[in-house]
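First comes the structure, then the notes that go with it.
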Amino acid sequence: APLPAHAPPPPTAPPRVPLTREGAHLPAAVAAGPPPATPPPVFRVADITREPLRPGQYDVVTALASLHHVPFGPTLARLRGALAPGGVLVVLGCFRERAGADLLWNAAAVPYNALARAGARARERGRPAVAPSPPTVEPAATLAEVRRTVRRELPGAELRRLLLWRYLLVYRAPGRRSGPRPGPWPHSGGRDR
């Protein structure tokens, strides 16, 4: 039936979902439909030291326990140049243990590592054998050497020591980006932790 002349036109888009303290009301979120389609990510296997990276084009670049396999300083410089203004580089890296403070710090990781390995063995029990893992390289740089390189190549970056001979590095490229600032912890002005 035709609508009366004084009636408002029907909505063309689903209504906004009000957020509560617990999050969106599920039936309203379902009624709103799926979010707008975005293109799927593109994955390529390549050598990061040779792969052409478009300067200033990437909002987020991540590296997971991989940068100790390549020349560290030059690779950080390449990744810094690839970040868009306000873009973020996040690295979970490995470092070589030194005597002294490293031994004491990493002693805290021994019980955790033993529990994690026991849990992994229990989960894997009864499953078929896994194919051999890729070749690995022991880290050559100590945490102090990593810090010096990071300060030189990524001024203002945040570096945090983690257990299990790891560190977390977060660098935000200068410039503005829209939306909230990503990162695993509040901005601390580039201080090491």
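Things worth noting here:
- Filtered residues of region 68-105 (kept if free of Cβ contacts under 8 Å to residues at least 40 places away in the same chain and either open to solvent by less than 50 Å² (accessible area, probe 1.4 Å) or touching a Gly at 6+ places or on another chain (Cβ under 7 Å) (or both)): Val70, Thr75, Leu79, Gly81, Ala82, Gly100
- Scope region 95-120; condition over 25 Å from the mean Cα position of the chain (by Cα), under 28 Å from Val70 (Cβ atoms) and part of a helix (DSSP H, G or I); matching residues: Ala101, Leu103
- Hey, Val137 β-branched (Val, Ile, Thr) and open to solvent by 70 Å² or more (accessible area, probe 1.4 Å) or not: yes
- Here the condition is being under 20 Å from the mean Cα position of the chain (by Cα), over 26 Å from Arg176 (Cα atoms) and either of a type in the set (A, V, I, L, M) or in a strand (DSSP E or B) (or both); of Val90, Val150, Val146, it holds for Val146 alone.
- A search for C-beta distances below 8 Å between a residue of region 132-157 that is in contact (Cβ under 8 Å) with a residue 24 or more places away in the chain and closer than 24 Å to Arg80 by Cα and any residue that is loosely packed, with under 10 Cβ neighbours inside 10 Å and of a type outside the set (Phe, Trp, Tyr), counting only pairs 6+ apart in sequence or on different chains, returns Gly156/Gly189.
- Residue that is farthest from Ala140 (Cα to Cα) [pool: residues in region 41-54 that are open to solvent by less than 100 Å² (accessible area, probe 1.4 Å) and touching a residue at least 24 places away in the same chain (Cβ under 8 Å)]: Leu53
- Out of Arg152, Arg172, Arg147, sole residue that is touching a helix residue (DSSP H, G or I) at 6+ places or on another chain (Cβ under 8 Å), modelled with pLDDT of 85 or more and among the basic types (Lys, Arg): Arg152
The values are calculated or read from the model by the stated rules, or taken from the named source; none is laboratory data. All of these numbers come straight from a predicted model, not from anything done at the bench. A quick note on method: Cβ atoms are made from the backbone with ideal geometry, for glycine too, and the neighbour counts reach across all protein chains shown. Ligands, DNA and RNA are excluded from the accessible area calculation, which covers all protein heavy atoms including side chains. Shrake-Rupley method; radii C 1.70, N 1.55, O 1.52, S 1.80 Å.
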